[in-house]
Structure formats: structure tokens, C-alpha cells
Number of protein chains: 2
Amino acid sequence: MNGKATTTRTKLERGRSALGPALELVHTGRAPTRAVLTSELGVTRATAGAVAAELEALGLIRVDSSPGSAAGSQGRPSHRLSVLETGPVVLAAQVHADGFRAALVGLGGRIVATSPGCVAVMADPAQVLGEVVEAGAELLRASGLRCVGAGLAVPSAVAEPEGTALNPLHIAWPAGSPVRDIFAACVRRAGITGPAFTGNDVNLTALAEHRHGAGRGAQHLLCVATGHRGVGGALVLDGRLHSGSSGLALEVGHLTVNPEGRPCHCGGRGCLDVETDPLAFLTTARREPGPEESLLKQAGNLLRTEYDDPAVRQAAEALIDRLGLGLAGLVNILNPDRIILGGLHRDLLEADPERLRAVVADRSLWGRSGSVPILPCTLAHNSLVGAAELAWQPVLDDPLAALA
Amino acid sequence: MNGKATTTRTKLERGRSALGPALELVHTGRAPTRAVLTSELGVTRATAGAVAAELEALGLIRVDSSPGSAAGSQGRPSHRLSVLETGPVVLAAQVHADGFRAALVGLGGRIVATSPGCVAVMADPAQVLGEVVEAGAELLRASGLRCVGAGLAVPSAVAEPEGTALNPLHIAWPAGSPVRDIFAACVRRAGITGPAFTGNDVNLTALAEHRHGAGRGAQHLLCVATGHRGVGGALVLDGRLHSGSSGLALEVGHLTVNPEGRPCHCGGRGCLDVETDPLAFLTTARREPGPEESLLKQAGNLLRTEYDDPAVRQAAEALIDRLGLGLAGLVNILNPDRIILGGLHRDLLEADPERLRAVVADRSLWGRSGSVPILPCTLAHNSLVGAAELAWQPVLDDPLAALA
DNA sequence: GCAGTTTGTTTAGTTGCGGCACAAACTCAG
DNA sequence: CTGAGTTTGTGCCGCAACTAAACAAACTGC
């Protein structure tokens, strides 16, 4: 009998229909009406109508055909599409140097509920993740909503396919912790349904900003961000996160941006990492750095409130120049059509946008690629929303299968 | 037995969707038999049979159901699939510092005919491209085969969507020449049918090696190569060339690999470009560089024949160390699962593979990503074959539409 | 109130492909 | 040589997803 031995992935591999793409369009806000959905999908009105009706029947979106809410343009007003407020949610969790936080996130990146951020971060990942998942489970019980998955953002590169955190330096976890499995175990133990995913926070920030924030519409989106210590990067290509063959792409912290700069633990000198993080800024500006978990806020405040102080301004300009050098190097390699900056890099951009753009343009090989727009991240809780995107992905890929 | 002449129902519109993927599998040699095609496509035997029959009817592949040619394994032997030798071809052209060359390339990267390489390269792109296309048209007339497109490889970044050559330094063309349009005009004027494409030679080398050479099966393939002067890079992601938002990605020549190195025209010091090309090797080895168009051969010969000379060996090791530094930087950013090297970089790899691998592993952030395999390019005329791939792409995407 | 425009809905095909049953071509054991 | 076992090719049926076309509905502007 040929029944069991057939190993072909016949059913799962086939995209079932336009359901997934349609949901993604509503999810990212690119299909506000059924007419737009029709043209974006490139199908007939009949098909788009059937697809929208099915997504509504699945309890994912709302199709609003009320009469008077109209448009102003000619012709019959199109039905409005929106995500359903009472639809399913995913559990999103974030661990960083400040502590951890859990949230429920609906389609469209809508944060339904968040736990208060907790400050204590312990050296045992299982304990931390157990607590944060429990906080999320509590939110879930209070809300009464259906949960279809869970996502976690950690401040470390996450190696695939093992799901281990390689450099969770800022949160005192042992390097190589199997965070994905630990998180998945916590999720199961808390009785939360659906698959569990784990990713690097900057990667997830980029994903969130691409779908709901400053990266919307970009085809080659580069995101660079500093937290309290260290620099992270991420690349979103054609709507998909590019994290390399083993999840370790865009580790941009060790680009050389200052050959005579300070030594770095990687063995080189003047790496982007040690030249453009909050600690570098504070020491360059001759300020006493505070406790590690508040370095980012301290540096940001200094930039915003004392930019007329020559020492602060000089330090900012030095960092901007080095950041620009690093970004130019990345532009030459990746040729993105948009760059977004987070953390202290975002503050540096806003302190003197022209200077940063000029440096990048000057050190890029050709004007065209160097004139790439550089924008600040706009989304609140962007890595939380990004963690949610990870959990939403199966639903976006195949709503029928994911909700079954 | 002989192939059955008539299918009962001639449904010429049969396969819209699986046709392209099926042709690509045969084209890249990943579907030697219909049984493999069935499992690779993830469809039923019936579907794969229909698809193969239609590709045969289109004159693209051959389905060999002869009896005795069988396999040795159990069960009924599967029909063999191969590209049809008398099927259509594309015109491939290449311009580089040595001169230019035209060829006819069939499916499977098979070079059907090549013109003798011509040495004279003139400063007027229209004249050069006119001559090379005419040489190709002559091959085509002599062969009597059908031509379905044309592709050109140039030693310069090609900006999209304009199709202009930004830095054709080695061939004395004016920067910004609209090479794509010039080439397309020459192709039309020569009476050659099908669309015409233009790309950077290293990009096309990577594409060719990915489909038919040392890059086969890699999901994230990085290719780095030096010609006579200057370094180029390319990235193939999931079988598709990644050339950035405007075709300028992987301009890796100006990564800093030697902070105290020689000055570069880009304004920096110690760029990969000026530290690892043939001229750098020859001067470091204290040899008199010959004429520019034979630098690559001179350096390669020196490496192979006088590696026991201490000056040569020292120079090679210095270049290997710097190349390794540059590759490690790229590994940290792109996290490829395979690296292939061309030109002088290939020769350096073969001179001391262990040294290069050790440097890359040492300067990569994590062992895992640093232990990426580094291989030499294997394909003869790889940028010619790559130019052909460009022209084949529409056929691979939708055979019915492209051959209509 | 009417023409013009745009969109939603219904109905009738069309098609790519899975599922199944069976035939064909091979290997191997005896 | 023969029959069992295995793997693959082929014909047929039907479904699910889509298109095409005709019609109905809801808006604007004159």
C-alpha cells in the first residue's frame, strides 16, 4: 500500500487560496476596502468578495457594508475592511535589560493589553520566561479572547534551527541558552494554545516597523538600533525577514567605523558596537554613566535636553559620523531603499538628521544608493509587536490551517 | 518503447503554474527523472506526467522512456528527463578587459557555440555591443536554432531600473552609459527575437554557479571575485539574485580590511578593492606588473608557479589574511551558507585553503556562521552562462507566455 | 430625476490538480 | 522461469479556486 510511506508534503505546501494574501493586506492596512483588496490581489470582484466573506466567517476581519459611511469619490462606495476587535490574539513577550513585559496583540498590530513592565531580570531564562508567560496567560484569562500563538523577543542573536540565544549579554543569561524551547515549554505549561516562536529583538522591530510603522511599503528595509549596549541590525526583503542561513545575519556591531577607535571585545578596534552605543556617547560627552539598565534613557535625555552644551554636541556629532560610516558600509552591501533607526541611533538621527544623511551619502559609492531615506522608528513597543508578527505568520500564510 | 505519439486530449493550456518550476528543475539538473520531478514539485504523478509531456510538446525537454536504460533500483524505472539539444537557445554576451565574446547557450547552461574572444575593446559601448551582438547573430544563423532572448554581462555595477553602467572603469566606457538600452537596440537591430537583459558580471557569475556550478543547492550563496582590477560581490537568495533596490548591492570593494593600508580612490584606506586585487598582489610580491589586461593571468601564474618564493608566499598570505577579514565581515552581515570565490580570490583560496578558512572563522562572530564552506568557482565561462540565465529567466517563470 | 461611474452579487463555465484504480516495468527469491 | 514485491506511468472522476459576463445596487453631478 502506498498510504503511509508517501513522504511528500502535498497538502501543507500548497497555498490554499488567496485567503492568506488577503488577510495580510487587511492586517497591514493596505486593503481598507474590498475594492482595494480586489485590485491588490489582482483577482475578480467575485473572488475578492468570497475571500472577504470567508475571512469574516473565520472571525478574523469585519466587512462593513453600512450605507452612509461613504467615500466622497464617484460610484458605489466599497465595503470597508478592518480587523475584528474581538478576534483572536497572540501572546507577545519581550525580555530586555529593563525587565520583561507581556502583551496580547491582535491583527493589525493592535495591542489589546499589556502587563506592567517588570524590572527584575534573573539569570535563569526558565524562571524569567515562566513569569512573563504567566503574566501573559493572566491577561488572556482576563480578556476571554482566543489565543492562536505566542512570540518572544530577546536581545540576542537566535541561532536557527536550534533556537539558542548566542549572546544574551545584557540580561545575564548563559550564552547558548535554548530560549526557543524554554519559551515553548512555558507556553505549553501555561495552557496557551498555538505554536511558539522566538526571535531577536531588532529583527522583530524591523518586522513590526515594516508592517505597521515607518518601514511600510519598503521592499528592502534596513533597520539598525542600539539598546543599552551593543548594536543590532535587521533586513526585511519583500516583506520577509532575512536572517541568513542560520539566523545570524545583520550582526552589524563589528563593522569598523573608526580605525583609531577604542578596542572591542571582538578583537578589532573602533567597531560600530563600541563607538555608537549609549556608553560611548556618555563617555565621549564626559558624563558619568549611570546604571547599565538606564544608559539608553540617560543618553537620550542628554541629547534632547543639553544639545547646546558643546561637549554633548561634539560627542553627538562624532557618533553621528561613525554611525553614518557604518550605515554607508551597509548601504554599499545591501542597497536598501529605506533605513530606519531605533534606540540611541534614532535619537542621534533626530538630533541632526542632515548631518547623518550627508555622511551616509558621502561615504556611499554612488549618490543614488546613498540618498536612501533614513527615518526614525515610529512604533511604540515595536519589538513586542514584532514578536506578535512572528506568531501571526502561520495565520497569514494559511488562515484555514492555522485556525483549525 | 517509443513515446506515444498522441495524447488523447491535447490540452495546450494545460499547465500554467507547475510548468515553470518543473522546467527549472530540469534546467538545473535537479530532476533527472519524472519520479524525482514528481516529488520535487510535490504533486501527484499524474500532474508531473502532464507537465513533463507539455514541456516536451513545447520543444524544451526530452522525455526518455526507452526501456533498458534503467537504474538498478527496484520498481519500474522512471522516464528520464533532459533538456532538448535542438531546443531554443539564448544569445549570451560578455564584455571585459580582455575583450568581448558571444555565445549561444541552451537550457541547462549548455554552451552550444562561442565566438572567438576578441581583444579590441573600444571606448564606444554602442560599437562594442554592436560587434558582439553581430558575432552572436552570426552564430545563430549558422546554428539554425531558435533564439528566445539575449543577456549581457559587463564588468560594472548596473543601476536599476535605468540599466546604466556606473563604473565601467576597466573597459574605458563612460560612466553612466545606458548599456541595457544600447544592448537591447543592438539585439533588435540584428533581428534577434526575445527580450534583452544586462547585468553585472560577478552577479551573473554567482547566478550561473548557483544553478550549474559550485553554488548548487546553496540557499544563501555569497560570491566574491576579482578580475584584473577591483572586487565584486554577489548574493543569491533562494535561487534569486539579490541585487538590492537599485541593483547596487554587494559592492564589497570598499570594506576596510587593513586600517594602515594603501589609500583608495573612495577616500578610505585599505579597502578590499586595493588590498586584494592582482595589482596589490604583484606589488606586494615585488614583481613588475604587466599590462592591465593581463594582470589577472600574471598574478595567477605567479601564485601557481612560484609559491615557494618567500616574497610570493608572503604576499599571498597577506592577501589571504585581508580577504579573510573582508569575507568575515560579509559573513557577519549576510550569514551565507556557502561562499564561492572567483578570479584571483579563487587562486588565493587554492593556494592555501586552510589559512583562508581559519581567518574567516577567527574573525566571524560565532563559530557556526564562520565555518561556512568556501569553494572555488568551477564553471567555465561562468559570466557568459550567467548572462544566459538572465535571458532564460522569463522562460523559467512562464514557459507558455515566453515562447508564445 | 436621469446619466454616468464604481462596486457588489449571481450564475455559468474553466482549469489545475488530488485521489484512486489499474497497468507497466523493473528486482529478487526460489 | 515464475510469482511476489516494489516503484512508476496513465486514465478517469471530481473538487476547489478561480474567471467571465451579465445584472443589481449605491453613490455623484447635472
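In this Cβ point-charge picture (+1 for Lys and Arg, -1 for Asp and Glu), chain B has a dipole of about 1500 debye about its Cα centre. With N counted as the residues of the stretch B:19-83, its alpha-carbon radius of gyration over 2.2 N^0.38 Å works out to 1.02. Counting beta carbons within 10 Å around each of A:THR256, A:THR44, B:THR28, A:THR198 and listing the fewest first gives the order A:THR44, B:THR28, A:THR256, A:THR198. Computed on the protein assembly as shown, the Cα convex hull volume stands at 204 Å³ per residue.
Ranking B:LEU250, B:LEU60, B:ALA196 by Cα position along the charge dipole of the protein assembly as shown, where only Lys, Arg, Asp and Glu carry charges on their C-beta atoms, puts B:LEU60 farthest toward the positive end.
Could you give log10 I(q)/I(0) at q = 0.09, 0.11, 0.18 Å⁻¹ for the stretch A:217-376, computed by the Debye formula over C-alpha point scatterers of equal weight, without solvent? Log10 I(q)/I(0), no solvent term: -0.27, -0.40, -1.08. The Cβ shell under 13 Å around A:PRO32 holds other residues with a net charge of +2, Lys and Arg each +1, Asp and Glu each -1. If you wrap the tightest convex hull around every Cα atom of the stretch B:334-404 and split its volume per residue, you get 108 Å³.
In a DSSP loop and with at most 14 other Cβ atoms within 10 Å, the trypsin sites (Lys or Arg not before Pro) in the stretch A:270-369 are A:ARG286. Relative to the dominant Cα principal axis of chain A, helix A:201-212 is inclined by about 50°.
Annotation for the stretch B:52-121 versus the stretch A:209-260: alpha-carbon center distance of 40 Å.
Here the stretch A:16-83 is treated with +1 on each Lys and Arg Cβ and -1 on each Asp and Glu Cβ, and its dipole about the Cα centre works out to around 120 debye. The residues B:TRP366, A:TRP392, when put in order of fewest to most other Cβ atoms within 10 Å, stand as B:TRP366, A:TRP392. Fewest-first ordering of B:SER39, B:SER245, B:SER73, B:SER66 by other beta carbons within 10 Å of each residue's beta carbon gives B:SER73, B:SER66, B:SER39, B:SER245.
Counting Lys and Arg as +1 and Asp and Glu as -1, what is the net charge of the other residues whose Cβ lies under 13 Å from the Cβ of B:GLY217? Counting the neighbours of B:GLY217, the net charge comes to 0. Net charge in the neighbourhood of A:GLY136 (other residues with Cβ under 15 Å of its Cβ; Lys, Arg +1, Asp, Glu -1) is +2. Overall, the protein assembly as shown carries a charge dipole of about 2620 debye about its Cα centre when +1 sits on the Cβ of Lys and Arg and -1 on the Cβ of Asp and Glu, all other atoms neutral.
Since only B:PRO21, B:PRO88, B:GLY49 are under comparison, the one whose Cα sits farthest along the positive direction of the charge dipole of the stretch B:17-89, derived from C-beta charges on Lys, Arg, Asp and Glu, is B:GLY49.
Taken together, the values in this text are just the output of simple stated rules run on the coordinates, not laboratory data. Given the structure is predicted, the values throughout are model-derived calculations rather than measurements. Backbone-built Cβ (ideal geometry, glycine too); neighbour counts: all protein chains shown.
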